[in-house]
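Q: I have a structure here, written as structure tokens, and I will follow up with some questions on it.
Since every read-out is calculated from the coordinates, none of them should be taken as a lab result. Here the structure is a predicted model, which is why all the values come from computation and not from measurement. Using ideal geometry, Cβ is built from the backbone for each residue, glycine included, and neighbour counts are taken over all protein chains shown.
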Amino acid sequence: MTFPHNLFRPDLLKEAAFIDGLWVEGAAKISVTNPADGSVLGTVPNLGAEETKRAITSACQAQGEWRKLAAKARGTILRRWGELMLAHQEDLATILTLEQGKPFTEAKGEVIYAASFLEWFAEEARRINGELIQPHASDRRLAVRKEPVGVVAAVTPWNFPLAMITRKAGPALAAGCSLVLKPSELTPFSALALAVLAEEAGVPAGIFNVLTGDAAPIGEVMTTDPRVRKFTFTGSTGVGKMLAAQCMSTVKRVSLELGGNAPFIVFDDADIESAVEGALMSKFRNTGQTCVCANRFLVQDGIFDVFSRRLAERVSQFVVGAGMSGPTDQGPLIDGRAVAKASVHVDDAVARGARILTGGYAIKGEGNFFLPTVLADVPAEALLCKEETFGPIAGLVRFISEGEAIEMANDTPAGLASYVYTRDLDRSIRVSESLEYGMVGLNTGLISTEVAPFGGVKESGLGREGSHWGIDDYIELKVVCTGVN
Ligand code: NAD
């Protein structure tokens, strides 16, 4: 392995998959590259259907004992896992930045965010309570038990290589399920480092398995093997729909966290400095590669010019560079395809009459860098407004009335996150109630926390992650109806 940075714990770097508590090598390998310079960081095994079945077998066998453990004992192990993540924050962030690209300070933030799901669900484990309900007849008693769904298969994306895993592993393990995970092939080292720490925390063999390799055959087994009782996916809408359809042959429980097309609405009465600050957070975190990223800025006519000027000023001051090299605000995009998509979206908007206020093109040279960009007067028909851009491009659309803004905001099949800036109390209530989204940020650009339900409506997904509701997706209800003489 040619990893370019020393770690305090070099053993966190694994070039093997993790099945049934064992590190598994494979003949064929997948290279993992650093998006900041294209260099190869290392390789992981290119596993397929056979290893996936093996992982499911081990998850089935291990689950019997795990579900019988007292909830408190499962919680203690989860808490320890989260604490180990925090203890190794620097190493985990280094691995994350090198394979994913985000600035090191953001990567350290992701470690804390990811660990928070383990801490939260360690506590929730003890609150999975059933109910005694009023019986329908005097000679009956009704008890409702909450039981783990069983073996869970999970597929996660590259944009949050740690947090998207713990947001699933936390509630699954807390509920008494076992997990077979396939992380993105672009960012497997973070997932494998998590497996090292899981083992160290006392997660038994077979309860947390990590497969690396060929997405299609692994996904096919995960979605069709009858022993898997739940499939949970975070990623793009197209892949999520396809895998969800595959799950129906064995009627699995399905959770989907898919793409968004977040509107960021700024009304004339907004506090401009705070709206600009929120826009920078929401749009440019992770170089525009978050599912809750503002994708379209809808800005009211009276404030449009001053807001766009101020935003462009701030964006033009961003430091762009490799995540590990000093104080960087914007890292590289994940790959060449992401850079090409950003270029297409800018060119399309400009061809439709948009004006470039700053940025607007890919940076030549090594790495997948695109200049942070602000475009004014983007028409609502532009690709920027219709598709998830997943890059550092803020496209500003002008609107006149509140009704027009709501209509434009809801004119999309997506329904994940939305943002509103206004100082008018009545308007804030009217607009947040009218938005067809799972999440609304009102005068804030940062909405993600382990304590609140995260998820979307319409084609952005099914189910919620985080919060006390997050455990429900990993629980089956069983009623015990007792006849009493
Ligand atoms: P992607 O759909 O390309 O990949 C996601 C995962 O699916 C990866 O692990 C990939 O290997 C796997 N995959 C791809 N094809 C597969 C197949 N045929 N069978 C099995 N697995 C397969 O998405 P991405 O580019 O990694 O992630 C970006 C997307 O994820 C964006 O659309 C973003 O909005 C979304 N996302 C959503 C949330 C949310 O909570 N709603 C969070 C993060 C990212």
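Q: With the cut-off at 1.5 for a/c, could you classify segment 1-48 from its C-alpha gyration tensor as rounded, prolate or oblate?
A: oblate
Q: Of Lys14/Lys241; Lys252/Lys458; Lys230/Lys283; Lys168/Lys458; Lys230/Lys341, which pairs sit farther than 28 Å apart, going by alpha carbon to alpha carbon?
A: Over 28 Å apart, Cα to Cα: Lys14/Lys241; Lys230/Lys283; Lys230/Lys341.
Q: Can you find, among Gln63, Leu132, Leu96, the residue sitting farthest towards the positive end of the charge dipole of segment 1-137, where Lys and Arg contribute +1 and Asp and Glu -1 at Cβ?
A: Farthest along the dipole direction, towards plus: Leu132.
Q: If we count every other residue with Cβ under 15 angstrom of Pro35's Cβ, Lys/Arg +1 and Asp/Glu -1, where does the sum land?
A: Around Pro35, the surrounding residues sum to -3.
Q: Only Lys, Arg, Asp and Glu count, each charged at its Cβ (+1, +1, -1, -1), so figure out the dipole size of the chain about its Cα centre, rounded to 20 debye. Could the numbers behind the result be given before it?
A: Numbers: 47 positive and 58 negative charges, 287 e Å.
Around 1380 debye, computed over the chain.
Q: Something else now. Would you calculate a helix-derived [θ] at 222 nm for the chain, using -39,500 (n - 2.57) for each DSSP H run of n ≥ 4 and dividing by the full residue count, to the nearest 500?
A: Theoretical 222 nm ellipticity from helices: -12000 deg cm²/dmol.
Q: Roughly how many Å is it from the Cα centre of segment 70-125 to that of segment 448-468, as a whole number?
A: A separation of 19 Å, based on Cα centres.
Q: Assuming 0.36 nm per residue, please report the length gained on full extension of the stretch Ser343 to Gln61 beyond their Cα-Cα distance.
A: Full-extension gain reported as 96.6 nm.
Q: While we're on this one: Using a 10 Å cut-off around each Cβ, can you sort Ser434, Ser31, Ser190, Ser282 from fewest to most neighbouring Cβ atoms? Don't jump to the answer; show the numbers that get you there.
A: Working: Ser434 17, Ser31 10, Ser190 30, Ser282 25.
In increasing order of surrounding Cβ atoms, one gets Ser31, Ser434, Ser282, Ser190.
Q: Using Cα-Cα distances under 8 Å and only pairs 6 or more residues apart, what relative contact order does the chain have, in percent?
A: Result for the chain is 18 percent.
Q: In whole angstrom, and with the biggest value first, how far do the Cα coordinates of the chain range along each principal axis?
A: The Cα atoms of the chain stretch 74, 64, 39 Å along the principal axes, largest first.
Q: Quote the charge dipole size of segment 346-456 about the Cα centre in Debye, to the nearest 20; the model charges only the Cβ of Lys and Arg (+1) and of Asp and Glu (-1).
A: With Lys and Arg at +1 and Asp and Glu at -1, about 360 debye.
Q: Still on this structure, please answer the following. Return one number: the angle in degrees, 0 to 90 and rounded to the nearest 10, between the long axis of the Cα atoms of helix 49-68 and the longest principal axis of the Cα atoms of the chain.
A: Long axis of 49-68 versus the principal axis of the chain: about 60 degrees.
Q: Next question, about the same structure. Using a 10 Å Cβ count of at most 16 others and DSSP loop calls, identify the longest part of the chain lacking such trypsin sites (Lys or Arg not before Pro).
A: Longest site-free region, per DSSP loop and neighbour criteria: 1-226.
Q: How much length is gained on full extension from Ala452 to Met242, taking 0.36 nm per residue of separation minus their Cα-Cα distance? If you can, show how the numbers build up before the last one.
A: Numbers: separation 210, 0.36 × 210 = 75.60 nm, distance 2.80 nm.
Extra length available between Ala452 and Met242 comes to 72.8 nm.
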